[in-house]
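The values are calculated or read from the model by the stated rules, or taken from the named source; none is laboratory data. As the structure is a computational prediction, the values presented were derived from the model and not from experiment. Here Cβ is always computed from backbone atoms with ideal geometry, including for glycine, and neighbour counts include all displayed protein chains. Surface areas here come from the heavy atoms of the whole protein model, side chains and all, with no ligands, DNA or RNA. Shrake-Rupley method; radii C 1.70, N 1.55, O 1.52, S 1.80 Å.
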Amino acid sequence: MSTQFAVLGLLAKEPNYGYELKKMYDDLFAGDKPILPGQLYAILGRLARDAAIAKIDDTGISGGPERTRYAVTDVGHERLLAWLRQPEAPAPTLQATLYMKVILALMLDGDAAPFIHDQKVAHLARMRELVARRRRAALAERILLDNAIFHIEADIRWMDMTASRLTHLKEELWNTTSSSKPEA
């Protein structure tokens, strides 16, 4: 959902072409996941359909092929401002999959410590990559990288806390989900 508003915001600055929008989006917002051209043009099509943007045909201006430029309409500008003013709800669970894997590992193997250890090693490796990348990044990218690093740090704190509670969690699971005690 926020991708369409990123596109609206880029167009609010100035009308532009699809190729240029992709390049700007990837530079500012993509991080490790650039927007696919098909995704961008689908978004542009929906925004045009909803009267949030208008197409400006640049026929014969440069003597080259016909190109379509896009510009934000008043409707699109109002939608963008409304979205910017709307606070984002905090995510209730940032890593629900990690929680699920801990519970399932306890239920299946009776021990989630190896999973937590391996996951923490993977998180630390990713954090090292991001910290190294942050050292040579421009300020806008450093801010994006800080967000990812802080989320990883929170996940690691959660893993440490959960690892310290595995014995009690295992007992609680045994009392609520099974008629026989899980193996140690």
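If you take the residues of the stretch 150-162 that are surrounded by 15 or more Cβ atoms within 10 Å (Cβ to Cβ) and over 20 Å from the mean Cα position of the chain (by Cα), which of them is nearest to Ala125 (Cα to Cα)? The residue in question is Met159. Of the residues in the stretch 133-162, how many are over 14 Å from Asp32 (Cβ atoms) and part of a helix (DSSP H, G or I)? Qualifying residue count for the region: 17. Do the conditions hold for Ile53, that is, is it out of contact with any Gly (no Cβ under 8 Å at 6 or more places or on another chain) and either in contact (Cβ under 8 Å) with a residue 24 or more places away in the chain or open to solvent by 40 Å² or more (accessible area, probe 1.4 Å) (or both)? Answer is no for this residue.
Can you name the residue in the stretch 1-31 that is touching a Ser or Thr at 6+ places or on another chain (Cβ under 9 Å) and in a helix (DSSP H, G or I) and is also least open to solvent (accessible area, probe 1.4 Å) among such residues? This residue is Gly18. Condition check: among the hydroxyl-bearing types (Ser, Thr, Tyr), at pLDDT 90 or above and more than 25 Å from the chain's Cα centre (by Cα). Does Thr73 satisfy that? Answer is yes for this residue. Among the residues of the stretch 41-52, those that are touching a Phe, Trp or Tyr at 6+ places or on another chain (Cβ under 9 Å) and closer than 10 Å to Gln4 by Cβ comprise Leu44, Leu47.
None of Ala51, Ala105, Ala96, Ala89 is of a type in the set (A, V, I, L, M) and modelled with pLDDT of 85 or more except Ala51.
Of the set (1) surrounded by 14 or more Cβ atoms within 10 Å (Cβ to Cβ); (2) modelled with pLDDT under 90; (3) closer than 20 Å to Arg67 by Cβ, all apply to Ile43 but (2).
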